[in-house]
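The values are calculated or read from the model by the stated rules, or taken from the named source; none is laboratory data. Predicted, not measured: the structure shown is a model, and the values here were computed from it. FYI the Cβ positions are ideal-geometry reconstructions off the backbone, even for glycines, and counts take in every protein chain you see. Accessible surface is based on the protein model in full, side chains and every heavy atom, while ligands, DNA and RNA are left aside. Shrake-Rupley method; radii C 1.70, N 1.55, O 1.52, S 1.80 Å.
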Amino acid sequence: MSGRSLRDERREQRRALSRDQILDVAEQVFAAKGFHDASLREIAEQADYSVGAVYGFFSGKDELYREIFHRRTSAFMPEMAEVLSSELPADRRLVELAAWQVGFFRRYPEFGRLVLRGGAIASPVADPPEDTETLANFRRSIDMQAELFRDGQRAGLLRAGDPVLMARMFSGLVSAFQTSELSGGAPLPIETLTETVERAFRA
C-alpha cells in the first residue's frame, strides 16, 4: 500500500515538473510572439514534447495561455497583499509597492513582457476569450491599490483624487517603467521609479 502511494507521489511530481516545463516554454513563446502568432506545435517542440503530450496537460492554446497567468498571479496577489499590509505610512507603502512590482517582473521577465503586450495584468481578458479568474485578480489588485490611496488621502499623505483612478495611474506609471526596462540594456535604477512615484502622488 505504501509502495503504491510512493509511486503515485513520484508520478505526480514528474507530472508537475513536466507541466511547469511546458508553461515555462509557453510563457517565453507567447511573450515573444503574442497569442495569435504562437503555435502549440512550436511550444511543444521547444519544450521537447509532442503536441499530443501537451494536450495531455492542457485542452488547447487558450487554456495554456490562461494557466500562465494563473500560475504567476498565484504568487503576485499574496505578495502584493503582504506589501500593502505593512505598517509603514501610506506614502511609504506606495513607494514600496512600486519597487516590489518591478522586482516581481524582474524575477519573471518573460511574464512581464507578456503582461505588457496587453497593457495590463488583465491582458488575456479579451484575447483569448475572457478569463474570469484573471479578470477578478486584476480588479482585486486595483481595489487593493485604491484602498491604499484612500488611506493615504485620509492621512493627508497622498494627493486628492478618485482612488480608483489614482490606482490605475500608478499602475500605468509602473508599466511605463517596465516597458523601458524590458526594451533592452542595463536595468534602470529603481530610484528612478520610486522618486517619480513620490513626486506624482505625495500630497
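The table for this structure:
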{"quantity": "Filter result for the condition that a residue is aliphatic (A, V, I, L, M), modelled with pLDDT of 90 or more, open to solvent by less than 70 Å² (accessible area, probe 1.4 Å) and over 23 Å from Q145 (Cβ atoms), over L94, L64", "calculated": "L64"}
{"quantity": "Hits in the stretch 25-54 (condition: within 13 Å of R117 (Cα to Cα) and surrounded by 13 or more Cβ atoms within 10 Å (Cβ to Cβ))", "calculated": "E27, Q28, V29, F30, A31, A32, K33, G34, F35"}
{"quantity": "Filter result (among the polar types (S, T, N, Q) and assigned to a helix (DSSP H, G or I)) within the stretch 53-80", "calculated": "T73, S74"}
{"quantity": "Verdict on L173 being in contact (Cβ under 8 Å) with a residue 12 or more places away in the chain, farther than 20 Å from L84 by Cα, open to solvent by less than 70 Å² (accessible area, probe 1.4 Å) and not basic (K, R)", "calculated": "no"}
{"quantity": "Conditions (1) touching a Leu at 6+ places or on another chain (Cβ under 7 Å); (2) under 17 Å from R92 (Cα atoms): number failed by L182", "calculated": "(2)"}
{"quantity": "Extreme residue, nearest to R113 (Cα to Cα), among residues of the stretch 152-170 that are touching a Lys or Arg at 6+ places or on another chain (Cβ under 8 Å) and open to solvent by 30 Å² or more (accessible area, probe 1.4 Å)", "calculated": "R159"}
{"quantity": "Criterion violated by V174 - all others in (1) closer than 13 Å to L97 by Cβ; (2) out of contact with any helix residue (DSSP H, G or I) (no Cβ under 9 Å at 6 or more places or on another chain) satisfied", "calculated": "(2)"}
{"quantity": "Qualifying positions in the stretch 78-90 - in contact with a helix residue (DSSP H, G or I) (Cβ under 6 Å, 6 or more places away or on another chain) and touching a residue at least 12 places away in the same chain (Cβ under 8 Å)", "calculated": "V83, L84, A90"}
{"quantity": "Contacts under 6 angstrom Cβ, first residue in the stretch 32-56 being modelled with pLDDT of 90 or more, partner open to solvent by 90 Å² or more (accessible area, probe 1.4 Å) and of a type in the set (D, E, K, R), 6 or more apart", "calculated": "V51/R41"}
